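Below is one structure; the comments refer to it alone.
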Amino acid sequence: ELFGHEKGAFTGATQKRIGRFEQADGGTLFLDEIGEVDQATQVKLLRMLSERTIERVGSNTPIKVDVRVITATNKNLRDLVDEGKFREDLFFRLNVVKIEMPPLRTRREDIVLLANSFLQEFAKENDRPKKPLTDEAMKLLISYSWPGNVRELRTAIEHGVVMSNDNVIDVRHLPQFLHSAPVPAASGILA
């Protein structure tokens with residue numbers, strides 16, 4: 001997927017395939033969940049970052065690529081390095097500019113903004129009119145701890161958009177897992 005392959009490199013490789021690094025040549029490639037990458041791929045990533053070259057599977061010919069790499073993870077890479085699960089040299093190559101994003105549960109003021117953005121996105125995607133969340137639905141969203149962060153919120157809003165046949169999205173339209181969350185008596189965020 002990342003490096004591509006040559007025709008005949010393995011069973012089923014009926015044609016040459018350009019990998020993501022070649023496709024992104026001259027641009028940026030985002031690698032999500034970098035903490036999950038296996039050791040063999042880490043070596044190849046390190047080579048690409050160090051030498052700015054890749055080799056397709058089934059080839060020994062280096063291919064020059066000019067790619068800016070942005071990575072994300074929900075794991076502490078320093079801990080993975082200490083545990084021997086992530087290469088220290090790759091860690092240093094990737095850790096040029098570090099941006100830490102606090103979890104959604106610590107920035108509840110973002111929930112309203114994100115929820116409204118997702119409402120618009122999924123209304124358009126599902127060819128439905130944009131419906132507002134009721135105050136009770138918004139309070140429920142704000143009270144939830146969001147262990148899955150923004151992705152989990154996005155899924156909950158998509159669920160609400162799909163499930164609501166009313167003019168609004170109410171608590172009953174939101175996923176069941178939210179209903180176990182305590183609803184605060186009052187919240188200054190909605191005011």
tail above 23 Å in the computed P(r) of the chain, as % of all Cα-Cα pairs, reads 59 percent
Of the candidates Ser145, Val81, Thr11, the farthest towards the positive dipole end of the chain (Lys/Arg Cβ +1, Asp/Glu Cβ -1, centred on the Cα centre) is Thr11
Between the alpha carbon centres of the range 35-92 and the range 95-168 the gap in Å comes to 33 Å
Excluding residues fewer than 8 positions from Lys139 in its own chain, the aspartates and glutamates with Cα under 15 Å of it are Glu109, Asp110, Asp170
Any trypsin sites (Lys or Arg not before Pro) in the range 40-127 that lie in a DSSP loop and have at most 10 other Cβ atoms within 10 Å would be Lys98
Going residue by residue through the range 58-73, the Karplus relation 6.51 cos²θ - 1.76 cosθ + 1.60 with θ = phi - 60° gives ³J(HN,Hα) values, rounded to whole Hz and with x marking Gly or Pro, of x, 9, 10, 8, x, 10, 6, 9, 10, 10, 8, 10, 10, 10, 9, 7
Once the dipole of the chain is set up from charges on Cβ (+1 Lys and Arg, -1 Asp and Glu), the residue from the list Phe21, Val162, Ala72 lying farthest towards its positive end is Phe21
The farthest towards the positive end of the charge dipole of the chain, of the residues Leu133, Ile63, Leu46, given +1 on Cβ of Lys and Arg and -1 on Cβ of Asp and Glu, is Ile63
Two pseudo-spin positions, 7 Å from Cα along C-beta at Asn149 and at Thr73, lie apart in nanometres by 1.3 nm
Computed about the Cα centre, the charge dipole of the range 44-138 from +1 Lys/Arg and -1 Asp/Glu charges at the Cβ has a magnitude in debye, to the nearest 20, of 320 debye
As a percent rounded to 5, the proportion of antiparallel DSSP bridges among beta bridges in the chain is 35 percent
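Express the carbon and sulfur contribution to the solvent-accessible surface of the range 59-166 as a percent, rounded to the nearest whole number, probe 1.4 angstrom.
Working: 3290 of 6750 Å².
Result for the range 59-166: 49 percent of the exposed heavy-atom area is carbon or sulfur.
Using the heavy atoms of the protein chains and a 1.4 angstrom probe, tell me the accessible area per residue for the chain in square angstrom.
Numbers: 11690 Å² over 191 residues.
Accessible area per residue: 61 Å².
Length gain on complete extension for the stretch Thr134 to Thr61, per 0.36 nm per residue less the alpha carbon to alpha carbon distance? Intermediate results must be reported in sequence, preceding the final value.
Values: separation 73, 0.36 × 73 = 26.28 nm, distance 5.92 nm.
Difference between extended and current length: 20.4 nm.
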When the chain is treated as a Gaussian network with springs between alpha carbons less than 10 Å apart, the largest mean-square fluctuation among Ala156, Ala24, Ala40 is found at Ala40
For the chain, the dipole about the Cα centre with charges only on Cβ (Lys and Arg +1, Asp and Glu -1), to the nearest 20 debye, works out at 320 debye
Quick note, the range 51-142: a/c under 1.5 would make it rounded; otherwise a/b > b/c is prolate and the rest oblate (a ≥ b ≥ c, C-alpha gyration tensor); here it is oblate
Here, Glu125 and Val96, labelled 7 Å along Cα→Cβ, have an inter-label distance in nm of 3.1 nm
Rounded to the nearest 10 Å², the 1.4 Å probe accessible area of Asp127 is 140 Å²
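Give the residue list of GluC sites (Glu not before Pro) in the range 65-131 that are DSSP loop and have at most 12 other beta-carbon atoms within 10 angstrom. Walk me through the numbers on the way to the answer.
Details: sites: Glu83, Glu88, Glu100, Glu109, Glu121, Glu125; in loops: Glu83, Glu100.
Those that pass, being in a loop and sparsely packed, are Glu83, Glu100.
Counting only C-alpha contacts under 8 Å and six or more residues apart, can you give the relative contact order of the chain as a whole percent? It would help to have the intermediate numbers written out before the result.
On the way: 248 pairs, mean separation 30.3, N = 191.
For the chain, the relative contact order is 16 percent.
The values are calculated or read from the model by the stated rules, or taken from the named source; none is laboratory data. The shown structure was predicted, so the numbers you read here are calculated from the model rather than taken from an experiment. In this analysis, Cβ positions are derived from the backbone assuming ideal geometry, glycine residues included, and neighbour counts consider all displayed protein chains. In case anyone asks, the SASA skips ligands and DNA or RNA and just uses the protein heavy atoms, side chains included. Shrake-Rupley method; radii C 1.70, N 1.55, O 1.52, S 1.80 Å.
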